[in-house]
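The values are calculated or read from the model by the stated rules, or taken from the named source; none is laboratory data. Keep in mind that what you see is a predicted model, and the values were worked out from it rather than measured. Cβ: placed from backbone, ideal geometry, glycine included. Neighbour counts: every protein chain shown. We work out accessible area using only protein heavy atoms, side chains counted, and drop any ligands, DNA or RNA first. Shrake-Rupley method; radii C 1.70, N 1.55, O 1.52, S 1.80 Å.
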Amino acid sequence: MRSYPALIRLFSAMAAVLLSMVAATGAVAATTQTITLRPGWNAVFLEVQPDVRAPATIFKDLPVESVWTWFDRASSVEFIRDPAEGLWAQPGWSVYAKSPDKTVTTNLYAIFANRAYLIKLSGRQSVTWTITGTPSTDKTVWTADSFNLVGFHVSPTSPPTFTEYLSSATAHAGKQIYALSAPGVWEPVTNPTATTIKSGIAYWVYCEGTSTFQGPTSVQIMGSELNYGTTSDMHSVVLVNDSAATRMATIRFQPSSDWLTYQSFNTATGYNEYPRLDSWTMQLFAGRQTNLWLAVRRDLLPGGISQGNLEITDDVGSRFLIPLKVEKAAE
């Protein structure tokens, strides 16, 4: 019978082999979102689901005093001009307080993507908050006849203006919008035609009546990712053009790969073709939805699990990231 030290060395060797196998599967690094937090109040929109969800862990190395999010979707929210007036006095807020405070009771136990948060930072220096995790495209749930604290999936480098982005949504076009100023006070966006939406930033946006608006272009998938597993060869993404104009959508896969293709109809031959997906631009007609069919060439897959993010952008400035994963069956 082997001694305990010998068994420990054996298990360590086996673990090392397993880790090397995982590293060789072709998997890519997790997605990161970077947000700059300034001293005082910040309004942020999280697009990445953190690998760790506990606020105490996420913010342990940051000088964060408290984190707030609005969970009450059943009733309208009273607009708060200055967060310093006291969010805890308003119903519907959930909070994580890093330091004990007699006026604040912690009831926020997890951080989720596709949510807006108010974060109070102490000190005098801005800090960088880097969130590692999985992109999420969950839908925004709007509260009717109320201000909603929301963010938008827009390009970090070529964002749209509020007018460009919201003009096709009758519940939001021309309605009041508030942005958090540098001193930490909510101020109205007085020129939405010239003011761009910032990626990773949250705003108070008024919703008149009911709304299902997710952007001039939105995406729909089954579940939270495109998972081909070991047997599926085809999945679809539904692209919806909710604007009154024809849109151009560009689809890319990161990182570039040989095994992911898209379905394209060849009018000359009358057959579908499946070219490699590098960068493909397609037309989206106004008020219609289009199916984007993505096929995997399993003969080109490396061993193990391969994954990445499908990036979908449009000519307005919308941007979505969709996780995609495929596994090659053992031979």
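Would you please list the contacts, defined by Cβ atoms under 9 Å and residues six or more apart or on different chains, that run from a residue in the stretch 169-196 that is on the phi > 0 side of the Ramachandran plot to a residue that is in a loop (DSSP other than H, G, I, E, B) and crowded, with 18+ Cβ neighbours inside 10 Å?
Gly174/Ser167; Gly174/Pro192
Could you check, for the stretch 3-23, whether at least one of its residues is polar (S, T, N, Q), modelled with pLDDT under 50 and surrounded by 12 or more Cβ atoms within 10 Å (Cβ to Cβ)? Step through it out loud before you land on a result.
Taking the stretch 3-23 first, the residues polar (S, T, N, Q) are 3, 12, 20.
Adding the requirement that they be modelled with pLDDT under 50 leaves 3, 12, 20.
Filter once more, so that each one left must be surrounded by 12 or more Cβ atoms within 10 Å (Cβ to Cβ): none.
Looking through the stretch 3-23, none of the residues is polar (S, T, N, Q), modelled with pLDDT under 50 and surrounded by 12 or more Cβ atoms within 10 Å (Cβ to Cβ).
If the Cβ limit is 8 Å and pairs must be 6+ apart or interchain, which residue in the stretch 269-285 that is within 18 Å of Leu310 (Cβ to Cβ) pairs with which residue that is open to solvent by 80 Å² or more (accessible area, probe 1.4 Å)?
Listed pairs, sorted by first residue: Tyr274/Arg297; Arg276/Asp258; Leu277/Arg252; Asp278/Arg252; Ser279/Arg252; Trp280/Arg252.
Identify all residues within the stretch 197-220 that are in contact with a Lys or Arg (Cβ under 8 Å, 6 or more places away or on another chain), surrounded by fewer than 18 Cβ atoms within 10 Å (Cβ to Cβ) and closer than 25 Å to Thr290 by Cα; write none if there are none.
Listed by number, the list holds a single entry, Thr212.
Can you name every residue in the stretch 288-310 that is more than 16 Å from Ser256 (Cα to Cα) and within 24 Å of the chain's Cα centre (by Cα)? Can you show your working first?
From the stretch 288-310, those more than 16 Å from Ser256 (Cα to Cα) are 288-293, 299, 303-304; that's our starting set.
Of everything in the stretch 288-310, those that are more than 16 Å from Ser256 (Cα to Cα) and within 24 Å of the chain's Cα centre (by Cα) turn out to be Arg288, Gln289, Thr290, Asn291, Leu292, Trp293.
Can you tell me which residue in the stretch 255-293 is surrounded by the most Cβ atoms within 10 Å (Cβ to Cβ), limited to those that are small (Gly, Ala, Ser) and in a loop (DSSP other than H, G, I, E, B)?
Let us first name the residues in the stretch 255-293 that are small (Gly, Ala, Ser), namely 256-257, 264, 268, 270, 279, 286-287.
If we keep only those that are in a loop (DSSP other than H, G, I, E, B) as well, we get 256-257, 268, 270, 286-287.
Working: Ser256: 12, Ser257: 23, Ala268: 5, Gly270: 7, Ala286: 13, Gly287: 13.
Across the stretch 255-293, the extreme among qualifying residues is Ser257.
Can you tell me which residue among Ala173, Ala194, Ala144 is in contact with a helix residue (DSSP H, G or I) (Cβ under 6 Å, 6 or more places away or on another chain) and either of a type in the set (D, E, K, R) or surrounded by fewer than 20 Cβ atoms within 10 Å (Cβ to Cβ) (or both)?
Going through Ala173, Ala194, Ala144 in turn, the sole match is Ala173.
I'm trying to understand the selection: among the residues of the stretch 233-247, which are within 21 Å of the chain's Cα centre (by Cα) and either under 12 Å from Val296 (Cβ atoms) or part of a strand (DSSP E or B) (or both)?
His235, Ser236, Val237, Val238, Leu239, Val240, Asn241
For the structure I just gave you, tell me whether Arg38 is out of contact with any Cys (no Cβ under 9 Å at 6 or more places or on another chain) and modelled with pLDDT under 95.
Working: out of contact with any Cys (no Cβ under 9 Å at 6 or more places or on another chain): yes; modelled with pLDDT under 95: no.
Taking the combined requirement at face value, the residue does not satisfy it.
Got at least one residue in the stretch 254-261 being more than 25 Å from Ile197 (Cα to Cα), β-branched (Val, Ile, Thr) and modelled with pLDDT under 95? Steps first, please.
Of the residues in the stretch 254-261, the ones more than 25 Å from Ile197 (Cα to Cα) are 255-261.
Imposing the further condition that a residue be β-branched (Val, Ile, Thr) reduces the set to 261.
Within this subset, residues satisfying the condition of being modelled with pLDDT under 95 are none.
No, the stretch 254-261 contains no residue that is more than 25 Å from Ile197 (Cα to Cα), β-branched (Val, Ile, Thr) and modelled with pLDDT under 95.
Tyr96 fails exactly one of the following numbered conditions: (1) open to solvent by less than 40 Å² (accessible area, probe 1.4 Å); (2) modelled with pLDDT under 90. What is the number of that condition?
Unmet condition: (2).
Scan the stretch 238-248 for residues that are over 22 Å from Gly223 (Cα atoms) and either buried (at least 19 other Cβ atoms within 10 Å of the Cβ) or touching a Lys or Arg at 6+ places or on another chain (Cβ under 9 Å) (or both) and report the count. Lay out the reasoning, then the answer.
Quick first cut of the stretch 238-248, residues over 22 Å from Gly223 (Cα atoms) only: 243-248.
Now drop any that are not either buried (at least 19 other Cβ atoms within 10 Å of the Cβ) or touching a Lys or Arg at 6+ places or on another chain (Cβ under 9 Å) (or both), which leaves 243, 247.
So the answer is 2.
I'd like the full set of residues that are within 11 Å of Arg115 (Cα to Cα) and open to solvent by 30 Å² or more (accessible area, probe 1.4 Å), limited to the stretch 50-74.
Hit for the stretch 50-74 is Phe71, nothing else.
If you take the residues of the stretch 294-331 that are assigned to a strand (DSSP E or B) and open to solvent by 40 Å² or more (accessible area, probe 1.4 Å), which of them is farthest from Gly229 (Cα to Cα)?
Looking at residues that are assigned to a strand (DSSP E or B) and open to solvent by 40 Å² or more (accessible area, probe 1.4 Å), I get Arg319.
Among the numbered criteria (1) closer than 30 Å to Asp51 by Cβ; (2) touching a Pro at 6+ places or on another chain (Cβ under 9 Å); (3) in a strand (DSSP E or B), which one does Val205 miss?
Condition not satisfied by Val205: (2).
Which residues, counting only those in the stretch 236-280, are hydroxyl-bearing (Ser, Thr, Tyr) and within 22 Å of Ser155 (Cβ to Cβ)?
So in the stretch 236-280, the residues hydroxyl-bearing (Ser, Thr, Tyr) come out as 236, 243, 246, 250, 256-257, 261-262, 264, 267, 269, 271, 274, 279.
Of everything in the stretch 236-280, those that are hydroxyl-bearing (Ser, Thr, Tyr) and within 22 Å of Ser155 (Cβ to Cβ) turn out to be Ser243, Thr246, Thr250, Ser256, Tyr262, Ser279.
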